[in-house]
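A quick write-up on the structure given underneath.
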Amino acid sequence: MSHSTIDQGAAWQALKQHAGEMRRIHLKTLFADSSERFRRYSRKAAGLTLDLSKQRWNEETLELLLALAREAQVPEAIEAMLQGELVNRSEDRPALHTALRLPADTSLRVDGEDLVPGVHATLDHMASMVDKLHAGQWRGATGKAIEDVVNLGVGGSDLGPLMVTRALVDFRVHPAHPIEVHFASTMDGSQLADYLSRFNPETTLFVLSSKSFTTVDTLSNARTAQEWLMSRLVSSRQANCGEEDSRIDESLVLRQHFIGVSANCEKMCDWGIAKANQLEFWEWVGGRYSLWGAIGLPIALVVGMDNFRELLAGAHVMDRHFHSAALEDNLPVLLALAGIWNVNFLDIRAHSILPYDGRLEYFASYLEQLEMESNGKSATHDGQVVDYSTCPVLWGELGPNAQHAFYQLLHQGTQSVECDFIAPLRRYDHVEDPDTRRHLKAQHRMTLANCFAQSRLLMLGDDAIADAAPRPAYKRYRGNQPSTTVLLDRLTPSTLGALIALYEHKVFVQATIWGINPFDQWGVELGKQIAGETEKILSTREGLERMDESSQGLIEALWLAEGE
Ligand code: F6P
């Protein structure tokens, strides 16, 4: 039996009608008509301030959106997710990334088992690996201490750790034996090839990060890395010991140069990862939600286990807020509702993520996967194709750089775009040299001035300038572009954890309202299958006639190039 979708309910219908009036009202008028918009539409929690006053909404909008959230049973859904119910229905499992950040003295029983001890056992296992590497006690097959660690993973097994290690660069630890951490994700081996041309195989360790341990991108990089180690370590042996003792024990290489991180222990064993080097996580952690556990090993290597635990603690504070705050004060719920309002009622289906802090260089890429792989869906849990929009097209870039790239479109293009501005209030307190600190702090202030100016200009348009004399159309700014600003007190492991959790929960609330499953990703499976079939045709040269004309032309171009 199919259930009615959310757009058939009373709250949706009321919002539709209300949107008819609101579309005619410019944001500048909303500001002119009501004082204290910032106070009314901003909230604080977990070291974050969320300013939603520049959304094109008013009191009535918010009331109606909150009614929509209640009608979609958002509070019940939050409870169900946090308690480990089977919210990932198409894969028949819970989605318990929040369990990865539960403190050790808590418990969460799912199917009679307390998950918390297992989570902390993995964290302890990670800690022992980090200690060993930081102490210079993890040695390669020829006895030299490991210096370079390369994470081989893609999607959730790459973007989260990559984003966080760059964001927390100021929290980098300086152990007795420094370790450099690198990331290689691309299937074509570009990043890996660069590392292999520069690194010493005797002192390089690879972390194979893959929830499924079946992802060809990662496994092909891993095979290349293994071959490189075997052949190069033999050459090193030959150089050091002479011809006779030049053999290298493959199992020794696997044991000393590879760590595996996966939910699939059997596949890690089949690949050859030594049992002691396997870090396990669970099917109930989605790939794009997995940075909080073993997939976070590169983060812990860069910032140390204490800071990694701070990251978890910050996310946990946001989890508790999400669980207990009333809907009207709940940061993830409000952020989600702003998005729903824009996408479904104001027809704004593009969303730009604009951090004003160079350390958040990869935050937009990370959110692209989190939001679009989670909510880029058009069928509900019970298989109905929806009649409304779901996830907007989301992209982003560091705000100051984007000002010199695509802000032109934000200000004068024909698309409406919702923007998220993200910035820390304080920076550079730790810089020792007073002159450098003063200069850097001035740069930070200038960056914030740009951040605040841009959201204001997007809101007011030409009215942002005192002298709004008549100008030709090509010089006019229409304004009325909605935005949210998220301010972090400081960018620390704890506030970063809260920021990521804020967006994770926002995605969940939107999915709940849209009636879709944010925890599966069936839309990426067929592409993998077709790629496998295509690869077979490329190498066997059989079956080309089954392809469409365009594909035939492309494949023949490749064969021609290969023959040259
Ligand atoms: O193909 C999509 C995807 O499954 C993502 O959801 C995931 O983050 C990525 O591939 C990597 O998967 P795995 O960690 O299993 O290698």
**Fill in**
Among the residues of the range 284-313, the number that are in contact with a Lys or Arg (Cβ under 6 Å, 6 or more places away or on another chain) and under 20 Å from Glu373 (Cβ atoms) is 3
**Request:** Give the range 187-227 a look and list any residue that's hydrophobic (A, V, I, L, M, F, W, C) and within 16 Å of the ligand (Cβ to nearest atom), or say none.
**Result:** Met187, Leu192, Phe206, Val207, Leu208, Phe213, Val216, Leu219, Ala222, Ala225
**Asked** Only one residue in Gly189, Gly155 is surrounded by fewer than 20 Cβ atoms within 10 Å (Cβ to Cβ), among the small types (Gly, Ala, Ser) and on the phi > 0 side of the Ramachandran plot. Which one?
**Response** Gly189
**Among (1) surrounded by fewer than 14 Cβ atoms within 10 Å (Cβ to Cβ); (2) away from the ligand (no atom under 16 Å from the Cβ); (3) under 25 Å from the mean Cα position of the chain (by Cα); (4) among the small types (Gly, Ala, Ser), the one test that Ser539 misses** = (3)
**Complete:** Of Tyr407, Tyr388, the only residue that is touching an Asp or Glu at 6+ places or on another chain (Cβ under 7 Å), away from the ligand (no atom under 16 Å from the Cβ), in contact (Cβ under 8 Å) with a residue 24 or more places away in the chain and of a type in the set (Ser, Thr, Tyr) is Tyr388
**Request:** Hey, could you check the range 163-186 for residues that are part of a helix (DSSP H, G or I) and within 16 Å of the ligand (Cβ to nearest atom) and say which is farthest from Tyr366 (Cα to Cα)?
**Result:** Val164
**Request:** Select, from Val285, Val253, Val234, the only residue that is of a type in the set (Val, Ile, Thr) and more than 30 Å from Lys144 (Cβ to Cβ).
**Result:** Val285
**Request:** Determine which member of the set Gln13, Gln17 is farther than 23 Å from His381 by Cα, out of contact with any strand residue (DSSP E or B) (no Cβ under 8 Å at 6 or more places or on another chain) and of a type in the set (S, T, N, Q).
**Result:** Gln17
**Prompt:** Looking at this structure, is Gly358 away from the ligand (no atom under 16 Å from the Cβ) and either crowded, with 17+ Cβ neighbours inside 10 Å or under 29 Å from Trp514 (Cα atoms) (or both)?
**Reply:** no
**Selection within the range 418-462 - part of a strand (DSSP E or B) and surrounded by 15 or more Cβ atoms within 10 Å (Cβ to Cβ)** = Glu418, Cys419, Asp420, Phe421, Ile422, Ala423, Pro424
**Request:** Inspect the range 317-324 for any residue being of a type in the set (D, E, K, R) and either away from the ligand (no atom under 16 Å from the Cβ) or at pLDDT below 95 (or both) and give the result as yes or no.
**Result:** yes
**Asked** Counting just the residues of the range 115-162 that are of a type in the set (D, E, K, R) and out of contact with any Pro (no Cβ under 8 Å at 6 or more places or on another chain), which one comes out farthest from the ligand (Cβ to nearest atom)?
**Response** Lys144
**Prompt:** Gly143 passes all but one of (1) closer than 20 Å to Phe258 by Cβ; (2) in contact with a Phe, Trp or Tyr (Cβ under 9 Å, 6 or more places away or on another chain); which number fails?
**Reply:** (2)
**Item:** Pick from the range 517-536, criterion within 12 Å of the ligand (Cβ to nearest atom) and in a loop (DSSP other than H, G, I, E, B), ranking: surrounded by the fewest Cβ atoms within 10 Å (Cβ to Cβ)
**Value:** Asp520
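The values are calculated or read from the model by the stated rules, or taken from the named source; none is laboratory data. On a predicted model such as this, the values are computed, not experimentally measured, just so you know. Cβ coordinates were reconstructed from backbone atoms using ideal geometry, including for glycine residues, and neighbour counts include every protein chain displayed.
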